[in-house]
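Undergrad: Got a structure for you, questions after.
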Amino acid sequence: MTTTAAFHPYQLSASEISKLVRSGEVKLSDLAEFYLDRTRSIAPRLNSHIYFDANSVESQISVLGERVKAGEDLPMAGVPVLVKDNICTRDMPTTCASRMLKNFRPTYDAFVVERLRKAGAIIFGKTNLDEFAMGSSNENSSFGPVYNPWDLTRVPGGSSGGSAAAVAADLAPVALGSDTGGSIRQPAAFCGVYGLKPTYGAVSRYGLISYASSLDQIGTFARSVIDTAMVYDVIASHDPRDSTSRRGSSPELINSLAHLKSGLKGLRIGIVTELFGSGLDESVNSSIRDAVRVFQSMGAEIHDVSVPSLRHSVSSYYLIATAEASANLARYDGIRFGHRTTEQVNQLKEVYKYSRQEGFGREVKQRIMLGTFALSSGYYDAYYGKATQMRRQIARDFNLAFERVDVLLSPVAPTTAFKIGEKIDDPLTMYLGDICTLGVNLAGLPAMSVPCGYDHQNLPIGMQLIGRPLSEKELLTTALAYENEVGSSLKRQPAL
Ligand code: GLN
């Protein structure tokens, strides 16, 4: 393969890469060299990577080369994949962007990483995030913020900001993220790529470092619907090591999408009225309304649908997520797990105190305190108990909505990417920006961020498609029909 001016492997989709590698038309070493060079020159400007090592890539491709030669079934042969740094990798550090885990090297791969390696993917590096996935802007990382490739003065969204920025900048065709309250969908929208948050339980959380276990879910970033389906097919399968992992056969979405007939005749799409209220940018609103007209022109029926309890999703989520986080993060005590203070101390309690004080950043401490308070005996019913009741109500309201329509549609975020520093000292405003995404996690539903336009500053806009549990196929089919219709009008490559 030659990387002449006319041929750039980074413009190939994951599915094309895999085909070319398997047929021998592209040499693994050339492909890897190309992505290594690109990563060396661009990743530092975005601060998208926490870990990246050319030697590791080279040793992976030499093993992979033998497997290709042996004719193994490798649906993702040679596809470079980036992994959010809260997902365990046995040969690379896994830091959660926290000083607490800066020396942590897992002894095992997360289930999803195992599956990707088995499918022939190359794990190209680990991406930056908000510390322990807590945040919406990637500004809470102990490795510093990630810069949005569309405008380097802006945030890429969070918490999976590194994965989103890297895919948008063509440093890999696909990446993994985790989504507890929007951490895949919102950065995907801010960076103009596709982001899929699967149904709770569809993808094993084994090896995902817990933030809020009843909400956490691993998912994908990609530049196309087909590539999204390819990665989802590989990672979505039952795993006995995660007790919430769903049973059932592998989805094989990529094959069903290949036979998609264009048009969406009879599909009922519900516009979630609560998520089009005040505070929504006019540019986001009008882009999504345009997308709705496209769906209509393809034969979909459009209905206004109400999910009334969504207005309580921010308060319920920030109680439940912080309560679970306070329990999950109790293990980092400087003895069993995490950074150990070097202060000279006399009591065990002081080891805990100083280790935690030094190891955790401000936002994480704030959330541990909030969560501990919400769970404390005198306030349990008033806060945590109420929030879990509201969570059930949100799930019921979604169920009712899905009696009337097949797919729900809303913005992913009320605005496009905001400036670095703009909201960091105002947590409430930051939390309120999550209004469109949190309900989906509280109800355990699958949802997807689909690029649908740009604002007047050329910043990407995303629409959110929400489905019934395990309706990933419908979501991807709907997204693909839209992509086929308007795809060519979407810009691919941000100027760097
Ligand atoms: N922004 C939300 C939070 O800070 C969601 C984060 C996530 O999905 N990991 O908790």
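The values are calculated or read from the model by the stated rules, or taken from the named source; none is laboratory data. What you see is a predicted model; the values in this text were computed from it and never measured. Glycine also receives a Cβ, built like all others from the backbone with ideal geometry; neighbour counts cover every protein chain displayed. Only protein heavy atoms, including side chains, enter the accessible area calculation; ligands, DNA and RNA are left aside. Shrake-Rupley method; radii C 1.70, N 1.55, O 1.52, S 1.80 Å.
Undergrad: Set Lys and Arg Cβ to +1 and Asp and Glu Cβ to -1, take the dipole of the range 95-226 about its Cα centre, and tell me which of 122, 138, 166 lies farthest positive.
TA: Value computed over the given set: 122.
Undergrad: Are there trypsin sites (Lys or Arg not before Pro) in the range 203-241 that DSSP puts in a loop and that have at most 14 other Cβ atoms within 10 Å, and which ones?
TA: Sites meeting the loop and neighbour criteria: 241.
Undergrad: Suppose R0 equals 22 Å. What FRET efficiency, 1/(1 + (r/R0)^6) with r the Cβ-Cβ distance, do residue 395 and residue 244 give to the nearest 0.05?
TA: So, using R0 = 22 Å, E works out to roughly 0.90.
Undergrad: Kirkwood-based Rg over Rh for the range 345-496 (C-alpha set), two decimals?
TA: On the Cα set of the range 345-496, Rg over Rh gives 1.08.
Undergrad: Still on this structure: Largest first and in whole Å, give the semi-axes of the chain's equivalent ellipsoid, each being the square root of 5 times a Cα gyration tensor eigenvalue.
TA: Three semi-axes, in Å: 32, 30, 21.
Undergrad: Related question: If you place +1 on the Cβ of every Lys and Arg, -1 on the Cβ of every Asp and Glu, and leave all else neutral, what size is the dipole of the range 272-419 about its Cα centre, to the nearest 20 Debye?
TA: 640 debye
Undergrad: Moving on. Taking the Cα centre of the range 240-327 as the origin, how large is its charge dipole in debye, to the nearest 20, when only Lys and Arg (+1) and Asp and Glu (-1) carry charge on their Cβ atoms?
TA: Dipole about the Cα centre, nearest 20: 400 debye.
Undergrad: Between residue 72 and residue 259, what FRET efficiency comes out of the Förster formula 1/(1 + (r/R0)^6) with R0 = 22 Å and r the beta carbon distance, rounded to 0.05?
TA: The pair residue 259/residue 72 has a calculated efficiency of 0.25.
Undergrad: With charges only on Cβ, +1 for K and R and -1 for D and E, what is the dipole size of the chain about its Cα centre, in debye, rounded to 20?
TA: Using Cβ point charges on Lys, Arg, Asp and Glu, the chain gives about 740 debye.
Undergrad: Can you pull a Stokes-Einstein diffusion coefficient for the range 1-121 at 20 °C (1.002 mPa s), Rh from Kirkwood over Cα pairs, as a whole number of µm²/s?
TA: Approximately 139 µm²/s, per Stokes-Einstein.
Undergrad: Compute the length gained on full extension between residue 91 and residue 30: take 0.36 nm times their separation in residues and subtract their Cα-Cα distance, giving the result in nm to one decimal.
TA: Taking 0.36 nm per residue and subtracting the Cα distance, the gain is 19.7 nm.
Undergrad: If the label point is 7 Å along Cα→Cβ of residue 377, which residues in the range 342-371 have backbone nitrogen under 14 Å from it?
TA: none
Undergrad: Could you give the accessible area per residue of the chain, probe 1.4 Å, as a whole number in Å²?
TA: 38 Å²
Undergrad: Probe radius 1.4 Å, ligands and nucleic acids ignored: give me the carbon and sulfur share of the accessible area of the chain as a rounded percent.
TA: Its accessible area is 51 percent carbon and sulfur atoms.
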